[in-house]
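The values are calculated or read from the model by the stated rules, or taken from the named source; none is laboratory data. Remember, it's a predicted structure, so these values are computed and weren't measured experimentally. Every residue, glycine as well, gets a Cβ built from its backbone with ideal geometry; the counts of neighbours run over all protein chains shown.
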Amino acid sequence: MQDFHEISGRGVYSVEAAVRLLIPYLEDTGRAAHKAIYFDGWDGLAASAVLRAIAEQPPPSLMKKFDRIIHVDCSRWKSRRALQRAIADELKLPQAVMAAFDRQDEEDDFSKVDVNSRAEIEDVTREIYQTVRDLSWLVIFHNGSNDTIDFSDFGFPPFNWLSPCRVLWTFRGRLRLNPQIKEKVDSSHLHIYTPLSWGFDHDTAQLILEEAKEIVNYIQHNKQGINPKIAANCISYLLWFNKNGGSTINYDWETHASKYWVCDGIVEGDGQFDEPWDVSAALQQQIRMEDCSTHKVNFHKDQYTEFWKSVVAHTSESGVRTNDIIVSSKITSFFLAPQNGLPISLPLEMFQKSENLRVLKLFGCKFSFHSPPFHCCRSLRFLGLDNCEDQQLEEEDNQRTTTMECFRSLWVLDICHMDWELDLLQDVTEQMAANIREVHIKKGRIWRSNLAWRRLWNLRKLRVIEPTGSWETCKMDEVKDMVKLRLLDLSGNEGIQVLPSLYGATSLRSLVLDGCVGLEHVGAEDLPRFLESFSFDVDKGNANKLICISLAGCTRLSDFNLRGSFTILEEVDLSGTRIKTVDLKIVDAPCLQRLVLLACVHLRAILWPENEMRQLRLLCIDTRGGEPVRDASHGSLVSLEQEKSCRAFISITDMKFLQLFDEKFIWGWPDFKLNLCLFIMETTKDDGINCNEQMMGTRNREGQIFHKGSCTYTDVHVGKIISDHSKRSAAQPQPSDFHVEFGDRISGTDTQSTQGIKAITYVMNRVQSLHVHHNSSITTVIPEHMMSIKEKIYWRALKWVRVERCPKLDTVFTTNYDIVCFGELETFSAAHLLTARSVWSRGRIVNVVDSSSFAKLRAIHLHFCPRLKFVLPLSWFHTLSSLETLHIVCCGDLRQVFPVEEEFLNQIATGHKNGMLEFPMLKDLYLHHLSSLRQICEAKMFAPKLETVRLRGCWSLRRLPATEYHRQDGPRRVVVDCEKDWWNNLEWDGLHVGHHHSLYAPQHSAYYKKRHLRGTVLR
């Protein structure tokens, strides 16, 4: 123990007295007074009750010392962030501040941060500091963690001699009696404790009652079936039996504590109703069961000895002393175990007078299975037998038929390490079937042909773990009619090959198949829809036959546990479930081919296995909701499995989910080809399978995006421009091996976390084709703040882009051009961007020679972008060396297609031939209804391979690109289809620089204008 400043409260045995003991220390304002006071209670007992009493009813003198008293109860510890939220709740911080918790929790969900590891939020810490810095505070804190807490980490000023604040705290609460925990309190804290002899008297009983009041207050629901007195009796039950035999007898509190309380009658209720069982289970959940067994209470001369008994008997060749194992008529709970491991032979008359016995658990005993000594216990509710042996009776006794009366009233049966094939009379079996709620079998057996599971229709829990024989009793549909069954645990049933039909077990919530290595298939068709928890854990060294797990359609499934080695597992389908995190981290499934997660609305993360999944052929993820296709991984997908690469179809509604694709994801593996189609959309009802058809579909048909009345000219329709051009331009691009589509209502584009931005960067640098459409919220594809981190978005693999119908889009791509970017881009097209002002933003001027950025860009298509000012600013050499086609229609505000940064413009004028910027591959120009266009490029253009120019309504444009001067007399003059008036107003530099009207072949229509009324056009 640390060198505490200790104060003992000897002689103080009530909450009120402890409050009076603590108040002077809290009110002490002297410089030597401790700012942090730790109260340990009575060896851990009732400390939480004392703190609550001070917080809820502080004396007036204490209230005068502090501006505010806040009470923070984190006795059930979750995380440091949960503590910060509790502080913020107590301070009543604004809703805008409280919303930060939900935002950060969501970020952490996607970032795969464990709930228990989540730290405090800096912005909230600052807000707390602004709230508390000028006031005096008393913080009353219940600490359920295993470490001391420094409140300065959460925004409070340091609790030093200058601070007017105090903290009163404890590690205790929820029956946390572990004596070692107080060793973690350092010497800077004033440690106040009240030693307790743990002799059971009125004071001890009252302290237990105070602890019980605290625990009952934590129960959120079903409080009507329990009160502090009942809870105190339940606590006393734990403490009493821990004192009596706790070091030898395995009471298995975690599994059976709540059942003991109901069966003994402490929690009252009929076994047929769920309420007392639910209340008892809720009480157990509020108690720290792992800590309550560390203290031994001396229950001498108390009332419980009359009703509860636990015997650890010493056996020898001469047997056991009879008086040690006689069970009186008042005993309600009895536990018996040998001290030295030798079996105890039970006399036949041992329980003859035990008419009130309700809970019986025997360890290592010998008795006749044909006629056990407890067969006459008509009130028995809980029967537990562990490592018991059959003791043959004399021949005349063995011929008697014994009526097993004890089974008529039984609620819980727990059998371990023993085979006892029950041979019950039919009427006993029927009565037992009507009453029994739980059967727990571990490494044993009880059933036979006349005790089929289907007859136990009232069961709520059935555990058959590592049975000594096949667990089946008849047909494989024997469990389907157990409509009340909530838990089925078949762990260790190595012989089971086919899962029994559970579809009719409509109340089943938890299914455990750990170690069922003979099972080949788990199918959704055999499972109830409301299953909530599923576990299949196999030791890595244990070979298993599992091929497929399909839980598709289990709409309430939120807990999925798959662990171990599955050497031939091919498919996992969790479609339509509520799973948030799919944890495959410690799964070894080298043959896994299909992973299907359709309609998984709550999905936030996938923890990929350490070992590579090189056989994976199909990955389907859809977080949009809707009805999942239960057989999606078959049928239409079979052909995909024949491919040698993995094909992924992913539909998500939040870009934060891109954190799924980290360095461990499959495309990072060497020599592994990934064919990925990533949807990021919400409005469609596609199931993610036929994404190629939907992504391009018929909405990209020629002419569909044009309005009938948009043309000024009657002789040339815009659609014709595209038709005539189709032979020369590249074919309509199709989704690539790595396609990304942004649709409506995509969220997460404003993510601030470094990990989230890195994930988006990681994915976008691998995108080959991008389609952004019908999004009413984004202002740019990737926000500028995401471009400022160390790992930048290069768009290094992007080949084609299509952007359309995004009414708030301002700049398509934001980039600084300080890195090589868009090195593979070939085609860009945009349509119906009503507010977009640029395609690529203006960036920093970098004085470097860049021969890679935009070097493969061949075609630019822009349609109906009325507010567009420019397309791509040029600031480096070798720009657009592959550009062949420039096609722009109905962009009324466009003034320059390619503005040039001033420094680069000067270099062109002085360092380039004829002061012109060369576009060596440019062949076709299509410019229609660009009323504000003054320049195609701010620098003079030279296009030696220019072939076709089509223009309509570009009345402010005065120059065409220069071309090769030797075209003057040849057949390869540039064809210019335009208005005659416009042609006549063009400006020329001269034949010597390839810029002369003789190098072009103009074509004019005789009737090319509609008649318009003279006047002003209102826009």
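Numerical summary
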| quantity | calculated |
| --- | --- |
| Some residue of the stretch 481-489 being at pLDDT below 90 and part of a loop (DSSP other than H, G, I, E, B) | yes |
| Residue count for the stretch 386-419, restricted to those that are farther than 17 Å from residue 351 by Cβ, modelled with pLDDT of 90 or more and assigned to a loop (DSSP other than H, G, I, E, B) | 4 |
| Count - residues of the stretch 34-57 that are farther than 19 Å from residue 182 by Cα and touching a residue at least 40 places away in the same chain (Cβ under 8 Å) | 3 |
| Filter result for the condition that a residue is within 33 Å of the chain's Cα centre (by Cα), over 17 Å from residue 79 (Cα atoms) and part of a helix (DSSP H, G or I), over 208, 181, 230 | 181 |
| The stretch 556-567 residues that are over 16 Å from residue 514 (Cα atoms), paired with ones that are assigned to a strand (DSSP E or B) (beta carbon under 8 Å, 6 or more apart) | 557/533; 557/534; 558/533 |
| Hits in the stretch 604-618 - residues which are in a strand (DSSP E or B) and free of Cβ contacts under 8 Å to residues at least 40 places away in the same chain | 618 |
| Criterion violated by residue 265 - all others in (1) at pLDDT 80 or above; (2) among the small types (Gly, Ala, Ser); (3) buried (at least 19 other Cβ atoms within 10 Å of the Cβ) satisfied | (3) |
| Residue match in the stretch 288-304 (condition: of a type outside the set (A, V, I, L, M), closer than 22 Å to residue 380 by Cα, at pLDDT below 80 and not in a loop (DSSP other than H, G, I, E, B)) | yes |
| Single match in 977, 981, 989 (criterion: at pLDDT 90 or above and under 60 Å from the mean Cα position of the chain (by Cα)) | 977 |
| Boolean, residue 192 is modelled with pLDDT of 90 or more, more than 36 Å from the chain's Cα centre (by Cα) and aliphatic (A, V, I, L, M) | no |
| Boolean, residue 655 is at pLDDT 65 or above and more than 22 Å from residue 113 (Cα to Cα) | no |
| Matching entry among 930, 946 (being touching a residue at least 40 places away in the same chain (Cβ under 8 Å) and not in a helix (DSSP H, G or I)) | 930 |
| Matching residues in the stretch 107-154 - criterion: being in a helix (DSSP H, G or I) and either exposed (fewer than 15 other Cβ atoms within 10 Å of the Cβ) or assigned by TED's automatic domain parsing to the domain that holds residue 601 (or both) | 115, 116, 117, 122, 123, 126, 129, 130, 152, 153 |
| Residue in the stretch 887-910 that is surrounded by fewer than 18 Cβ atoms within 10 Å (Cβ to Cβ), in contact with a helix residue (DSSP H, G or I) (Cβ under 7 Å, 6 or more places away or on another chain) and of a type outside the set (S, T, N, Q) present | yes |
| Answer residue from the stretch 77-115, given it is β-branched (Val, Ile, Thr) and in contact (Cβ under 8 Å) with a residue 12 or more places away in the chain and is nearest to residue 143 (Cα to Cα) among those | 87 |
| Residues of the stretch 511-557 classified as of a type in the set (Val, Ile, Thr), more than 19 Å from residue 480 (Cα to Cα) and over 23 Å from the mean Cα position of the chain (by Cα), total | 3 |
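Condition check ((1) within 30 Å of the chain's Cα centre (by Cα); (2) more than 30 Å from residue 193 (Cβ to Cβ)) across all residues:
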residue: 82; (1), (2): yes, no
residue: 87; (1), (2): yes, no
residue: 96; (1), (2): yes, yes
residue: 110; (1), (2): yes, yes
residue: 114; (1), (2): yes, yes
residue: 132; (1), (2): no, no
residue: 146; (1), (2): yes, no
residue: 160; (1), (2): no, no
residue: 168; (1), (2): no, no
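Conditions tested, residue by residue: (1) more than 21 Å from residue 581 (Cα to Cα); (2) aromatic (Phe, Trp, Tyr).
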residue: 494; (1), (2): yes, no
residue: 507; (1), (2): yes, no
residue: 515; (1), (2): yes, no
residue: 521; (1), (2): yes, no
residue: 530; (1), (2): no, yes
residue: 533; (1), (2): no, no
